[in-house]
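S.K.: Here you go, one structure.
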Amino acid sequence: MTAEQLTIGPAAEEARRRLLEQISAGRLQAGERLGAERDLALELGVSRSTVRQALGALEQAGVVRRVPGRGGGTFVRQQKVERDLSHVVGVPALLRQQGMTAGSRIVSTALVAADEQTAAALELGPGAYVFDVVRIRLADGIPISLEHVRLPAERFPGLLDLPLGGSLYELLAQQYQTRPGEAVEHIEVVSASEDEASILSVDHGAPLLSITRTTSDEHGRRFEFSHDLFRADRTVITVHTPPSADDRSRARGRLLKLRSEVAAR
């Protein structure tokens, strides 16, 4: 989209601002359908073309989505989940931190022989078995991700007899004293298959964030190999880059200087 297309007139900007205020104040909820352009024009006291410009600006900003055809319309977008890769946090804790209600649907659980990729990722020997758990993660009742986790069976005996609807990390910490220390994640964008689209309530071919993760405990032992598919329309990836050595040296220098100045007073 060009810079010219980004520019809207004063009347449309005012209409955009008023609609955004309604959404921010909660008078228009996530997933709710806005009125027809004709009704919005009457409510806001502007022309339908002005409303169209305002809705276009809101759509571009990711605040609303417009669905064509009968039964379509303009809808308030669901809140996006921020996935911070700088910290190893389970999805339930991640959602709670952002004020959302976490939920799960267990698709399948099984004890299976580790395939070659899983055995290599978890550093398992020949003939090793893993627990295989597939779950759908929900944010405020809406599917957000399809999660496929594999865990060494020998390390976590009896795991499948425990409730698996909540956070696996919290469960492993409580029952097996195992906590995540470090994770290596590989991310790519893929297109949803028919089955994935049906499970995640998106269109066939919609973009998904594919995240393959290998997690180690606090002692460096690998205990989780997983593959997650997150809805790209409801997920934001964040990474915090640590300062360089030079930046840290300068920061320490400023801190020492500040302390010296304080001590001299």
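The values are calculated or read from the model by the stated rules, or taken from the named source; none is laboratory data. Everything numeric here is computed off the predicted structure, so don't read it as measured data. Note that we place each Cβ from the backbone using ideal geometry, even for glycine, and neighbour counts take in every protein chain shown.
S.K.: Counting only residues that are at pLDDT below 95 and farther than 26 Å from Pro207 by Cβ, how many does segment 126-163 have?
M.R.: Counting residues in segment 126-163 that are at pLDDT below 95 and farther than 26 Å from Pro207 by Cβ gives 3.
S.K.: Do we have any residue at all in segment 134-148 that's in contact (Cβ under 8 Å) with a residue 40 or more places away in the chain, within 14 Å of Glu224 (Cβ to Cβ) and β-branched (Val, Ile, Thr)?
M.R.: no
S.K.: Would you be able to tell me the number of residues in segment 32-56 that are surrounded by 13 or more Cβ atoms within 10 Å (Cβ to Cβ), of a type in the set (Gly, Ala, Ser) and not in a helix (DSSP H, G or I)?
M.R.: So the count comes out to 3.
S.K.: Restricting attention to helices (runs of 4 or more DSSP H) lying wholly within segment 166-265, give those where 2 or more residues are surrounded by 12 or more Cβ atoms within 10 Å (Cβ to Cβ) and at pLDDT below 95.
M.R.: Result: 168-176, 194-200.
S.K.: Of the conditions (1) closer than 30 Å to Ser226 by Cβ; (2) modelled with pLDDT of 85 or more; (3) touching a helix residue (DSSP H, G or I) at 6+ places or on another chain (Cβ under 7 Å), Ser104 fails just one. Which one is it?
M.R.: Here Ser104 meets the rest and fails (3).
S.K.: Right, next: Considering only segment 121-130, I want to know if a residue exists there that is in a helix (DSSP H, G or I) and surrounded by fewer than 19 Cβ atoms within 10 Å (Cβ to Cβ).
M.R.: There is no residue in segment 121-130 that is in a helix (DSSP H, G or I) and surrounded by fewer than 19 Cβ atoms within 10 Å (Cβ to Cβ).
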